[in-house]
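The structure under discussion appears below in the form of structure tokens.
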Protein chains: 2
Amino acid sequence: MTRSGADLALLLLGGFRALADAGSAELARRGYDKIRPVHDFALRSILAGADTTAELARELGISKQAVIKTVGFLEAEGYVAVEADERDGRRRLYSLTHRGRGLLRTGEQVFNELRDAWAQRIGADQLEAVGDALADLGVRAPAHLDAAGWFSGSSAE
Amino acid sequence: MTRSGADLALLLLGGFRALADAGSAELARRGYDKIRPVHDFALRSILAGADTTAELARELGISKQAVIKTVGFLEAEGYVAVEADERDGRRRLYSLTHRGRGLLRTGEQVFNELRDAWAQRIGADQLEAVGDALADLGVRAPAHLDAAGWFSGSSAE
DNA sequence: TCGATACGTCAACCAGGTTGTCGTAACATG
DNA sequence: CATGTTACGACAACCTGGTTGACGTATCGA
């Protein structure tokens, strides 16, 4: 075994960051500024039906307050529209604007392009094997990427 | 190509987090509490000779102030000893305590065990191929894992 | 010798979370 | 139908882990 466990972990992190940084830079270039993955997550969840504050909080695994702040940003930037629920006076219903849908679409495209660029360099099957290996190990895409505290020992219990 | 680029990115992140979470939980179990990767990075850098605040800041890619806070924690927890530099009155020299060296040693061991457990599940060569693929792609272990703002668009320019 | 530079530190601030509290709306139950 | 319980959304306050800017002091170099 030539690579230490720590090195392997850092390579995985490095791989993610390479994609994430390149992706967010490319998104900015295409007019979607200041976007971070958590925003993409939120938009995706809204689209999937989690269209209220409480529901989004559950879905993303963060507090309602954090949702309010995040959605506030997305609304200010024109990605999300908010309206009152006629049947439940407490609720505020979120939905994606045209721009919001455009971001999701563009984001998907950008990351596929990055994946293809990688596939071209090491071979599509090599790259696929990476994903397969991780999937076989039962690695799940983290449902809620709690950026701060991503390491905080608390994550374990 | 069966997996989207976004999925690939999230699998990489998930893989890292799986290792990091399991590792830090196991470290806590072995008596090294409240340890996050940045602490390991700092200890490693000190051991490698970056034994002053400014040098550590350059090495880790964070501000001197952040170094002061981090090292303050490590000193309080007994991982790092601080002494004055006799030749340069401004400097404070950092060094690892016995406990600090123990942490590094244990950490290495823990992560190797995790790697081995993975190798056992999917085969050592499969796992090695993952690391090789990432290395071939020129992925670097991020020198400074700026936990907060790891996504902040700023990373790109 | 003395200006430029580097070190370490402090205070202030910022981002992105959390918790606790609260008013209000909906619901369920006697 | 009155009322207690629960859920929603919002606010304020706080925490963590960073950053920046200012500063005093030590060293170096022309």
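The values are calculated or read from the model by the stated rules, or taken from the named source; none is laboratory data. Keep in mind it's a predicted model, so treat the numbers as computed, not measured. Neighbour counts run over all protein chains shown; Cβ positions are idealised from the backbone, glycine included. Remember, those area values only see protein heavy atoms, side chains included, never the ligands or the DNA or RNA. Shrake-Rupley method; radii C 1.70, N 1.55, O 1.52, S 1.80 Å.
Where Rh is the Kirkwood radius over the Cα pairs of the range B:5-140, the temperature 25 °C and the viscosity 0.890 mPa s, what D in µm²/s does Stokes-Einstein return? Calculated translational D: 147 µm²/s. Prolate is the label for the protein assembly as shown, because a/c, from the alpha-carbon gyration tensor with a ≥ b ≥ c as root eigenvalues, is 1.5 or above and a/b exceeds b/c. Label-point spacing for residue B:84 across the identical copies (point 7 Å from Cα in the Cβ direction), in nm and ascending order: 7.0.
Quickly rank B:81-88, B:96-103, B:10-17 as a protection proxy: mean count of other C-beta atoms within 10 Å, highest first. The partial results should precede the final answer.
Details: B:81-88: 11.0, B:96-103: 17.1, B:10-17: 24.8.
Taking the mean over residues of other Cβ atoms within 10 Å, the ranking is B:10-17, B:96-103, B:81-88.
Think of the range A:14-140 as a dipole: +1 on every Lys or Arg Cβ, -1 on every Asp or Glu Cβ, centred on the Cα centre; then among A:47, A:74, A:133, A:74 lies furthest on the positive end. Close amide H pairs (under 5 Å, H built 1.01 Å from N) link residue B:93 with B:83, B:84, B:85, residues at least 5 positions away or on another chain.
What share of Cα pairs, in percent, lie more than 15 angstrom apart in the range A:82-145?
Result: 72 percent of Cα pairs exceed 15 Å.
First select every other residue whose beta carbon is under 10 angstrom from the beta carbon of residue A:80; then total the charges, Lys and Arg +1, Asp and Glu -1. That works out to -2. Between copies, the label points at residue B:48 (set 7 angstrom from Cα along Cα-to-Cβ) are spaced 3.9 nm, reported in nanometres from shortest to longest.
FRET efficiency for residue A:101 and residue A:63, Cβ-Cβ distance as r, R0 = 41 Å, nearest 0.05? Don't jump to the answer; show the numbers that get you there.
Numbers: r = 27 Å, r/R0 = 0.65.
That gives a FRET efficiency of 0.95.
Give me the net charge of residue A:90's neighbourhood, meaning all other residues with Cβ under 15 Å from the Cβ of residue A:90; Lys, Arg count +1, Asp, Glu -1. Result for the neighbourhood of residue A:90: -2. Mean per-residue shielding of peptide A:17-29 is 5, counting Cβ atoms of other chains within 10 Å of each Cβ.
Within 10 Å of each Cβ in B:119-130, how many Cβ atoms from other chains are there, averaged over the peptide?
Values: counts 3, 0, 4, 6, 2, 1, 0, 6, 6, 5, 4, 13.
Rounded to a whole number, the mean comes out at 4.
Rounded to the nearest percent, how much of the accessible area of chain B (1.4 Å probe, protein heavy atoms only) is carbon and sulfur? So the carbon and sulfur contribution to the accessible surface is 48 percent.
Note on the range B:93-134 and the range A:1-62: Cα centroid distance 25 Å, given to the nearest whole angstrom.
Computed on chain B, with alpha-carbon pairs under 8 angstrom and 6+ residues apart, the relative contact order is 21 percent. Rank B:136, B:40, B:51 by mean-square fluctuation in a GNM of chain B with C-alpha springs under 10 angstrom and give only the top-ranked residue. For chain B, modelled as a Gaussian network with Cα springs under 10 Å, the answer is B:136. Note on residue A:87 and residue A:125: the model spin-label points, each 7 Å out from Cα along the C-beta direction, lie 5.3 nm apart. For residue A:69, the aspartates and glutamates whose Cα comes closer than 16 Å to its Cα, not counting residues fewer than 8 places off in the same chain, are A:40, A:51, A:55, A:59, A:77, A:146.
Once B binds A, the 1.4 Å probe can no longer reach about 5700 Å² of accessible area, counting both sides.
If you place +1 on the Cβ of every Lys and Arg and -1 on the Cβ of every Asp and Glu, how big does the dipole about the Cα centre of the range A:14-140 come out, in debye to the nearest 20?
Numbers: 19 positive and 20 negative charges, 91 e Å.
Here the range A:14-140 has a charge dipole of around 440 debye.
On a 0 to 90 degree scale, rounded to 10, what angle separates helix A:124-136 from the longest Cα axis of chain A? Result, in degrees: 70.
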